[in-house]
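Here's the structure we're looking at; comments come further down.
The values are calculated or read from the model by the stated rules, or taken from the named source; none is laboratory data. Only a predicted model underlies this, so the values are computations on that prediction, with no experimental measurement involved. So basically every Cβ, Gly included, is an ideal-geometry build from the backbone, and we count neighbours across all protein chains shown.
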Amino acid sequence: MVKKNSFFEGLNLFNNKSAKKSYNGILIIAGILGVLFLMGLVVADRQAILGVGIPGAGQNVTSINEDIMVFFNITINTTQAAYFGNVTQVNITIPSSFTFTTDSNGTDPDSRNGTFNLNSSTVLTWKNFTDGFIGNGSNATLRFNLTATNPGNYSIIINITTFTAGINQSIINVTVNDTTAPNVIFFNSQTPVSFANLSIRDIVVNVSANDSFSPIGQFSINLTYPNGTQANFTIVSGNGSVGIGNDVNGSAYFNFTGAHLTDGQYKINISNVRDYPGRHGWGPNNTNATGIQRNVTIDLTAPTVTVVKSSSSTAHKIVLDVTLTDATSGIVGKQCSASGGGVDGVTISGTGGSQTATQTGLGCNTAYIYTVTCLDYSGNSGSKQVTVNTDTCSSGGSSDGGTGGSGSDVVGSASSSFWILTYNEATTDLNGDNDGVSVNLDERYRVKVKVDTELYYVGVTETTDTTANINVTTTAQDKEATLNVGDVKKFDVNADNLYDISVTLNGIDSATGKADLSVVYVQEAVSPEDQVGVEEQVGEGTTPEKAKSKAWIWVIVVLVVLAIVWAIFSGKKQSRRKNYGF
């Protein structure tokens, strides 16, 4: 006989249908309550972050300023999740642009003894795996300092680990405000350079700015006139306008133009360059009030040029004293130019307000027209034309580097007393100059050249419309030749049976009668006809004075010969008288 359980028999749950239904209902209700209980625990753990704040500060921790150290307080509430056990570890991950302040971490007294670690500079960890870091049923506050370098929107991630519930995560969103004004402001190439001198009534201002994070929004452009009045304009950059672009580079353009831009100095000032961090929700606008400046000058007035003949002028040289002034952009360091006068170029010396124009190789007692042109720093051109005369003619003359008149400079028989003007081209040896010498010579003008360290002269004694009589001094005797335009004549100047110089008649100036000559160095054997004929033909009497002296020599020679003949004849006649008794 089997003994039945008196308890279940008393209840009669298994044999009574009504009791069975009641029992099943109880189980269903218990299951529902269990699920609700677990859900409540999970929700309670999700709300474990009780609060985040900055003690004693007037700003919310979710909005901080860049480059400012911020004291964070994070309170963790475990009262609603006490039955889940103690918190064993808290990991707080900060953005990479945030910096943790060393030794700033701390906890309040409600937290148990735990260890703190900083991993990879971005993960802050509090932990105690032995008996829990935060006891169940309590609140704990974690403290630390952070500094955010770059403006923007960031997230701080908090992971909480308990004995029984695993890891639960919460996120704190932080906005870092842009508090730095645009610090890179510059003029673009369209803007005149600093201290530019303009010859137009137009000033272009083109400026750009750069901000590291926020778009550029506004420029203030100021132009100060020479009389002190100002023009002010505010330019809004498209990049900073609401809803248009996010570029951190912005630019502005403005053109000042018109007749009211008179001569004088202007100052361009760019200031109040503003960014728009509000475009991203990163705080209020920032303004750079200092800005940048640039000075420019407008000058449309030509310099005043005065030209007078200098007292240092001679019969064959004109010296002009040039004085110029400019009231605005100035002429300091600028050099004038001159044209006109004789065939040879005009040399300018000096700079600024006092300069000198010089021309040599001119005919005596002759009028010459010169035009002197000078520029100021804005490019305005001022000119002055003058007509001046060389001094009156005399028996001699001189030029820079030349000689004449005294007769002391003698090579061969070409006395300098015959020559009016001598050009000096003997500063370098002709045999070392591939280009030779080009010169325009009037009658009784000559040029001095150097060949193998010795000095020689090539001169013009007479010209026609198509020919020129050339005189060349040598170590032995002068040589002459008549050249037609285009002719080339070679001369042996040092008696070594080699041609040393070649003279070409390039042309005759129809207005002045000057002969255009080219003199170059050559080394060629002298032709047989030149060895015999040239010296006999052109070796005598190169000048009127020389011809006269040579004639007297021949007269003396003839008289000597006649005396000798007479003496011989008289001697023979006396001898005959002795021999034959006459």
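Okay, here's what the table says:
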{"read-out": "Ser510 vs. criteria more than 21 Å from Phe418 (Cα to Cα), among the polar types (S, T, N, Q) and assigned to a strand (DSSP E or B)", "value": "no"}
{"read-out": "Segment 181-198: number of residues that are more than 19 Å from the chain's Cα centre (by Cα), of a type in the set (S, T, N, Q) and buried (at least 18 other Cβ atoms within 10 Å of the Cβ)", "value": "0"}
{"read-out": "Residues of segment 253-275 that turn out to be in a strand (DSSP E or B) and either closer than 20 Å to Arg201 by Cα or within 24 Å of the chain's Cα centre (by Cα) (or both), as a count", "value": "12"}
{"read-out": "Selected residue [touching a strand residue (DSSP E or B) at 6+ places or on another chain (Cβ under 7 Å), closer than 30 Å to Val386 by Cα and not assigned by TED's automatic domain parsing to the domain that holds Ser354] from Asn232, Asn210, Asn288, Asn197", "value": "Asn197"}
{"read-out": "Sole residue being surrounded by fewer than 18 Cβ atoms within 10 Å (Cβ to Cβ), touching a residue at least 24 places away in the same chain (Cβ under 8 Å), in the same structural domain as Glu66 (by TED's automatic domain parsing) and not in a loop (DSSP other than H, G, I, E, B), chosen from Asn168, Asn159, Asn150", "value": "Asn159"}
{"read-out": "Those residues of segment 70-103 which are more than 20 Å from Ile167 (Cβ to Cβ) and either part of a strand (DSSP E or B) or at pLDDT below 90 (or both), in sequence order", "value": "Val70, Phe71, Phe72, Asn73, Phe98, Thr99, Phe100"}
{"read-out": "Hits in segment 186-211 - residues which are closer than 30 Å to Val70 by Cβ and either in contact (Cβ under 8 Å) with a residue 60 or more places away in the chain or not polar (S, T, N, Q) (or both)", "value": "Ala209, Asp211"}
{"read-out": "Among (1) modelled with pLDDT under 90; (2) closer than 21 Å to Ile508 by Cα; (3) of a type in the set (Val, Ile, Thr), the one test that Thr427 misses", "value": "(2)"}
{"read-out": "Selected residue (criterion: farthest from Arg294 (Cα to Cα)) from residues of segment 214-263 that are in contact with a helix residue (DSSP H, G or I) (Cβ under 6 Å, 6 or more places away or on another chain) and at pLDDT 85 or above", "value": "Ser214"}
{"read-out": "Among residues of segment 466-507, those that are part of a loop (DSSP other than H, G, I, E, B) and of a type in the set (A, V, I, L, M), counted", "value": "4"}
{"read-out": "Residue within segment 235-257 that is under 27 Å from Ala327 (Cβ atoms), aliphatic (A, V, I, L, M) and touching a Lys or Arg at 6+ places or on another chain (Cβ under 9 Å) present", "value": "no"}
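Yes/no per residue for (1) in contact with a Cys (Cβ under 9 Å, 6 or more places away or on another chain); (2) assigned to a loop (DSSP other than H, G, I, E, B); (3) closer than 30 Å to Asn65 by Cβ; (4) among the aromatic types (Phe, Trp, Tyr):
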| residue | (1), (2), (3), (4) |
| --- | --- |
| Gln293 | no, no, no, no |
| Val305 | yes, no, no, no |
| Gly345 | no, yes, no, no |
| Gly363 | yes, yes, no, no |
| Cys374 | yes, no, no, no |
